[in-house]
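Engineer: Next up is a structure, given as structure tokens.
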Amino acid sequence: MEIHYFLQSLGFYLLPSLAVALIPTGIIVLATFLIKSFSTWKLIALCFIAGVSMWCNMVYWSMQGFSIRPFGTGVPLLFTDLLALAGGMVAGFIVYRGTVHYKNNKKLSGIALTGIGYLVFVFIAFSILNNRWVA
């Protein structure tokens, strides 16, 4: 029964998750291509913006938090806030590294790394949208 629910929610929430994940990914890719040189503080600020974007998405859609598969729905809201923020920052860093690698080397592996970061954003957005009424 849980697989049926997951497949039904996959069809309903996947497209909005793909759209929501494009926002921080687009911001990072655009900023990376437009800014000539990145200092450590600019990179930290860019990753923080990506994390805050995912955190804002979680706050907007899910005031009670979301279900984290190994832990279930009994996870405190503070933990889900931190997970959305930290996950968004990690995904932002992955997208940034992939974009810089592509910008400098023009190799397909940079695009693949950017795609992996985008999929992390999609996973976070899908977890938020799929489980917004659970907790």
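Engineer: What pairs come up if the first residue lies in the stretch 92-121 and is under 19 Å from residue 46 (Cβ atoms) and without any contact (Cβ under 8 Å) to a residue 40 or more places away in the chain, the second is of a type in the set (Lys, Arg) and surrounded by 14 or more Cβ atoms within 10 Å (Cβ to Cβ), and their beta carbons are under 7 Å apart, counting only those six or more places apart or on different chains?
Structural biologist: 113/97
Engineer: Answer yes or no as to whether residue 66 is at pLDDT below 80 and within 13 Å of residue 129 (Cα to Cα). Show your work before the answer.
Structural biologist: Details: at pLDDT below 80: yes; within 13 Å of residue 129 (Cα to Cα): yes.
Judged against the criteria, residue 66 is a match.
Engineer: Would the stretch 99-110 turn up any residue that is part of a helix (DSSP H, G or I), crowded, with 20+ Cβ neighbours inside 10 Å and at pLDDT 90 or above?
Structural biologist: The answer is yes; a qualifying residue exists.
The values are calculated or read from the model by the stated rules, or taken from the named source; none is laboratory data. Source: prediction; values computed, not measured. So basically every Cβ, Gly included, is an ideal-geometry build from the backbone, and we count neighbours across all protein chains shown.
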